[in-house]
Amino acid sequence: MRRWPAWAWVAFLASIPLWVRNQYYLHVLINTGIFAVAAMSLNLLLGYTGQLSLGHVAFFGIGAYTSALVSLGFDLQLAAGYTFVFEPRPVWLGFLAGVAVAGLFGWLIGKLSFRVRGAYFVIVTVSFAEVVKLVALNWVDLTEGPMALNNIPPVTLSLPGLGELTFWKKEPNYYLVLAVCLLSYAVIRRLVQSRAGRAFIALRENEALAESVGVDVTRFLVLAAVISAAIAGAAGGLYAHYIKIVDPDIFLFIYTVVMVIMVVTGGKGTLLGPVVGAVIFGILPEILREVARPEVQWIIYGFIMILIVFFLPEGIVPAAASWRKARAASASPLGAAGERA
Amino acid sequence: MLVVEGLVCRYGKVNAVRELSLRVEEGELVTLIGANGAGKTTTLKAISGLLRPAAGRIVFEGAEIQAASPRAILGRGIAHCPEGRRVFPYLTVQENLEMGSYLRRDPAGAAEDMGRIFRRFPVLEERRRQAAGTLSGGEQQMLAIGRALMSRPRLILFDEPSLGLAPNLVETTFDIIREIRNQGVTVLMVEQNAYAALEMADRSYLIEAGAVALEGRGRELLGNPYVKQAYLGG
């Protein structure tokens, strides 16, 4: 069994809308892609720096709300007689604003909590997500509260010579999500293979030692938090313009849990782990839906999760890598024992 | 080269180091001996900047460094080889060494130093692509020493280099440390094994309850009745 090269995977993924005509299947794949981006962003913090962001959905939601509000426009009564009017802007600008605002909050949370880190970071992120949810629920002037932001415009692309293309259909949205997935993957890969990535891993493994060789621990943690939050914001922006409605339920704790499950089962601290996890837990619910009621489905996920953690504690991707290595070692006379994958 | 004056370090309300003073001259091999909890490790951490002292001065080559960051102190030429978990287990041997030159801006010089370390410790070169966590205890110790050398320090702080090593490796480790000193790097070492620490040192400090109880040439302290009775088991 030979490994597919990266371009073959990309070509395969790009070909899917050509032979998958079922709109529902495409919808499932788009959702899976959005979750894959979110899981990759969480993995940067959880897998590479070892910090658990249990409020990661906050950055996702902030990206979604920001992108939706910028593209819908809004007005705010700031003082008696003065209303601030924000005209609707193009969707791509909203999307970038969502990425930027989520990144800004990542910086803020990182600065606030990484002086103490560990358990404190977990608590700060959980609280942060709850606070943001309350704001979204109660600042009705801006967010419409539980009435939700409706009719969010889809992504529009103006192609020179071809006029405007508005992403109403599944196919263009699929390609958009695929593009953001690949871009996020490339950014994270570039980052973790750089000097900064080495620093992330070093401080995850032995913080005191990392500090003693001159790694500025707080600075790198904040950097990881900013990039992670910005990518989560991008996932939120994709979601907002695809689903076209955003309400405060986007901040539900369960979404963070789903991201953590994806990262842990796929393999935290590996580039492909969160993608594999997202594919499994993005598609599985849809398969199970036909045979099991929602409550039963959750029990089944829980069971799968326990099995994976029990038998493949490192996650699926590292387990597959060591299995592949063991096969290679037994096949070649020299062996690959001892070599690190 | 290094002067510590009136150093006080606290963990919460507990004074781990109280008014400790010591000095290390260029080219010396100085050891700190004393019981567990006497404040030896804390002193090293304060010197390398991992711990902010509550009071006192630390002067390295004429500059006060007690308030400097670990990065700044490393940049001035003090490397710290901490006790316990000495390497980054999931990074390869080569990546561990590269972490040692993290602050250096001269890749050519760092590569040259890595070559020198590989020549001195051929086993590390054989295993350069292997995860450091898969090395034996002795190999990990060599890697930790190699990593400290990668910053091209003028002063190395060794914290319990013999801890957890098999007896034959303890001797090898001490030989390497002597060799480093003979190449002109000043060494300040904390060591539980009082006999070895006193025998190999130019000068030693006996630390008790966070302060210096005795100071002298290594061999002098070896013959000191109090040291003999309390630390050498005779």
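Got at least one residue in the stretch B:34-49 being touching a His at 6+ places or on another chain (Cβ under 7 Å), farther than 12 Å from B:Gly210 by Cβ and polar (S, T, N, Q)? Within the stretch B:34-49, one or more residues are touching a His at 6+ places or on another chain (Cβ under 7 Å), farther than 12 Å from B:Gly210 by Cβ and polar (S, T, N, Q). If we scan the stretch A:149-167, do we find a residue that is under 25 Å from A:Pro248 (Cβ atoms) and loosely packed, with under 13 Cβ neighbours inside 10 Å? Yes, that holds for at least one residue.
Whether any residue in the stretch B:9-16 is of a type in the set (D, E, K, R) and out of contact with any strand residue (DSSP E or B) (no Cβ under 9 Å at 6 or more places or on another chain) is what I want to check. Yes; the residues of the stretch B:9-16 include at least one that is of a type in the set (D, E, K, R) and out of contact with any strand residue (DSSP E or B) (no Cβ under 9 Å at 6 or more places or on another chain). Within the stretch A:41-50, the set of residues being surrounded by 24 or more Cβ atoms within 10 Å (Cβ to Cβ) and either over 12 Å from the mean Cα position of the chain (by Cα) or farther than 15 Å from A:Gly237 by Cβ (or both) comprises A:Leu42, A:Asn43, A:Leu44, A:Leu45, A:Leu46, A:Gly47, A:Tyr48, A:Thr49. Across the stretch B:149-163, the qualifying residues are those that are touching a residue at least 60 places away in the same chain (Cβ under 8 Å) and over 11 Å from the mean Cα position of the chain (by Cα), and the one among them that is surrounded by the fewest Cβ atoms within 10 Å (Cβ to Cβ) is B:Arg152.
Just to be sure before I move on: is A:Lys133 basic (Lys, Arg), without any contact (Cβ under 8 Å) to a residue 40 or more places away in the chain and more than 14 Å from chain B (Cβ to nearest Cβ) in the structure I sent? So A:Lys133 fails the test.
Of all positions in the stretch A:257-279, none carries a residue that is assigned to a helix (DSSP H, G or I) and within 30 Å of B:Glu83 (Cα to Cα). Might you check whether a residue that is at the interface with chain A (Cβ under 9 Å from one of its Cβ atoms), of a type in the set (Gly, Ala, Ser) and not in a helix (DSSP H, G or I) occurs anywhere in the stretch B:166-182? No, the conditions are met nowhere in the stretch B:166-182.
Note on the stretch B:8-113: enclosed strands (runs of 3 or more DSSP E) holding 1 or more residues that are among the acidic types (Asp, Glu) and more than 19 Å from A:Arg195 (Cα to Cα) are B:14-24. Within the stretch B:74-93, the set of residues being buried (at least 17 other Cβ atoms within 10 Å of the Cβ) and more than 9 Å from chain A (Cβ to nearest Cβ) comprises B:Gly77, B:Ile78, B:Glu83, B:Val93. Based on this model, can you work out whether A:Ile304 counts as touching a Leu at 6+ places or on another chain (Cβ under 7 Å) and either modelled with pLDDT of 85 or more or assigned to a helix (DSSP H, G or I) (or both)? In short, no.
From the list B:Leu103, B:Leu29, which residue is within 14 Å of another protein chain (Cβ to nearest Cβ), in contact with a helix residue (DSSP H, G or I) (Cβ under 6 Å, 6 or more places away or on another chain), in contact (Cβ under 8 Å) with a residue 12 or more places away in the chain and over 16 Å from A:Glu207 (Cα atoms)? It is B:Leu103. Residues satisfying the criterion are absent from the stretch B:128-148 (criterion: surrounded by fewer than 18 Cβ atoms within 10 Å (Cβ to Cβ), among the basic types (Lys, Arg), in a helix (DSSP H, G or I) and modelled with pLDDT of 90 or more). If you go through the stretch A:307-321 and pick out every residue that is assigned to a helix (DSSP H, G or I) and surrounded by 12 or more Cβ atoms within 10 Å (Cβ to Cβ), you end up with 8. Inspection of the stretch A:183-196 identifies at least one residue that is closer than 27 Å to A:Gly110 by Cα, within 14 Å of chain B (Cβ to nearest Cβ) and part of a loop (DSSP other than H, G, I, E, B).
Taken over the stretch B:185-210, the criterion of being surrounded by fewer than 19 Cβ atoms within 10 Å (Cβ to Cβ) and part of a strand (DSSP E or B) is satisfied by B:Glu208 alone. Entry remark, the stretch A:168-213: residues being crowded, with 20+ Cβ neighbours inside 10 Å, aliphatic (A, V, I, L, M) and under 30 Å from B:Ala68 (Cα atoms) number 8 in total.
The values are calculated or read from the model by the stated rules, or taken from the named source; none is laboratory data. Worth saying up front: this structure is predicted, and the values here are computed from it rather than measured. A quick note on method: Cβ atoms are made from the backbone with ideal geometry, for glycine too, and the neighbour counts reach across all protein chains shown.
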